[in-house]
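Right, one structure below, let's go through it.
The values are calculated or read from the model by the stated rules, or taken from the named source; none is laboratory data. Computed from a predicted structure; not experimentally measured. Protein only, heavy atoms only, side chains kept; ligands, DNA and RNA dropped before computing areas. Shrake-Rupley method; radii C 1.70, N 1.55, O 1.52, S 1.80 Å.
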Amino acid sequence: MSKVKKGNKGSKNVKNNVIPFKSKKLETIKNVTPMNKQEVETARVNDYAKEVCKNLDDFASNAGIDVERFYYNFLFYIKQAVIMKLSYPAFKYLDKGSTEEVTQNHSVFLKENCQELKLNEEVKHDRYH
């Protein structure tokens, strides 16, 4: 007959051969400002657009034509590509909205940074003459 060793079941020094599923707690990264997918993609597109514009500025300064003609050609081909990809009403809405936003931002910039130009808002009168 074989001898069976009896272990000390009550002993605290006995190691278990069971491997726990979660040996360490995983650290969770808590984002203070959670962003949804659309915000993340918008930020990515904005960063890409800024990089493209920086490269355009570098290219425009080295081009053999004047800067106005360069940007005219660039805007022409961009608008042509966009109007072919979108519907006309969507293109018209986006073109008008972006133009108004850019001119509004430029106007505010000039008023804040170039006070010597004395760009005051027009006074609107209620009377018709």
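Quick notes on this one:
- Solvent accessible area, Å² - Phe91, 1.4 Å probe, full protein context: 30
- Accessible-area value, Ser98, 1.4 Å probe, nucleic acids and ligands omitted, Å²: 50
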